[in-house]
């Protein structure tokens, strides 16, 4: 049985009509979803960089609008945990008309590449950037072995 071209054309027109109606119903389906730069967008926590400087490790963590009182840092051996929260900044007596920067909390844990001397860890928070200096323990530092 032969099919006329007009029947095929009508079928494709119906499919186009269905596609257009579905696009109107779900305009962002299948499109790229960019997350806002708000705290609720953090799925795993704030962005971090970890560097090895030979005798110590250095970690930089982006923590916008977080104060040192809202942070908690724990180090044990080669395990590091950073947690914190952002509080509401609505002044007392005010009512909010628009809130995009809500309250939120995070927790990140890391297995460091070497043991850390917990007594010498240094943490500095400036301009939303937490810098951790994590000195390696003596057992983790490389030692030069003389040959006899």
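Just checking, does region 99-113 include any residue being closer than 20 Å to residue 49 by Cα, surrounded by 15 or more Cβ atoms within 10 Å (Cβ to Cβ), over 17 Å from the mean Cα position of the chain (by Cα) and in contact (Cβ under 8 Å) with a residue 12 or more places away in the chain? Among the residues of region 99-113, at least one is closer than 20 Å to residue 49 by Cα, surrounded by 15 or more Cβ atoms within 10 Å (Cβ to Cβ), over 17 Å from the mean Cα position of the chain (by Cα) and in contact (Cβ under 8 Å) with a residue 12 or more places away in the chain, which makes the answer yes. Of all residues assigned to region 75-84, none qualifies as being at pLDDT below 85, under 16 Å from the mean Cα position of the chain (by Cα), surrounded by 10 or more Cβ atoms within 10 Å (Cβ to Cβ) and closer than 23 Å to residue 126 by Cα. For region 42-59, does any single residue satisfy the condition of being loosely packed, with under 11 Cβ neighbours inside 10 Å and at pLDDT below 75? Yes - at least one qualifying residue is present in region 42-59.
The values are calculated or read from the model by the stated rules, or taken from the named source; none is laboratory data. Given the structure is predicted, the values throughout are model-derived calculations rather than measurements. All Cβ positions, even for glycine, are placed from backbone atoms using ideal geometry, and neighbour counts span all protein chains on display.
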